[in-house]
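Worksheet for the structure shown next.
Read the figures in this text as sums done on the coordinates, not as results from a lab. It should be emphasised that the depicted structure is a prediction, and the values quoted were computed from it without experimental measurement. Here the Cβ positions follow ideal geometry from the backbone for every residue, glycine too, while neighbour counts run over all protein chains shown.
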Amino acid sequence: MIVVNLDVMMSKRKMSLNDLSREVGITLANLSVLKTGKAKAIRFSTLEAICKALDCTPGDLLEYKE
């Protein structure tokens, strides 16, 4: 199972979902789906934009758990 730690990174960077949405150019609805772990896929360009906005790596956002 892949766990999305978007909420953790947003908290560490003190960034709200609204702020991230504006900076990355992704709708709140799509970010919410990603944040809650309900997303089935993510584009590399989206992942890259989120990493840039949060100053992190994909490994900070995505975690594999059995």
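Output wanted: per-residue J couplings in Hz (rounded whole) for the stretch 11-27, from phi through Karplus 6.51 cos²θ - 1.76 cosθ + 1.60, θ = phi - 60°, x for Gly and Pro.
Karplus-based 3J(HN,Hα) across the stretch 11-27 equals 5, 4, 8, 6, 10, 7, 4, 5, 4, 5, 4, 5, 5, 8, x, 10, 5 Hz.
If amide H atoms are built 1.01 Å from N in the plane of the peptide, which residues on other chains or at least 5 residues away come under 5 Å of the amide H of L62?
Residues meeting the amide H criterion: N5.
Can you classify the stretch 2-64 as rounded, prolate or oblate using the Cα gyration tensor, where a ≥ b ≥ c are the square roots of its eigenvalues, rounded means a/c under 1.5, and otherwise it's prolate if a/b beats b/c and oblate if not?
Rounded.
What list of ³J(HN,Hα) couplings, whole Hz, do you get for the stretch 32-48 from phi and the Karplus terms 6.51, -1.76, 1.60, once you set θ to phi - 60° and write x for glycine and proline?
5, 4, 5, 4, 7, x, 8, 6, 9, 7, 9, 6, 4, 5, 5, 4, 5
Taking the Cα centre of the chain as the origin, how large is its charge dipole in debye, to the nearest 20, when only Lys and Arg (+1) and Asp and Glu (-1) carry charge on their Cβ atoms?
Dipole of the chain, to the nearest 20 debye: 160 debye.
Listed here are the pairs K14/K38; K12/K35; K12/K40; which of them are more than 20 Å apart at the Cα? Let's see the in-between values first.
Values: K14/K38 23 Å; K12/K35 14 Å; K12/K40 25 Å.
Beyond 20 Å between Cα atoms: K14/K38; K12/K40.
Please work out the C-alpha center-to-center distance from the stretch 36-61 to the stretch 13-31 and express it in whole Å.
11
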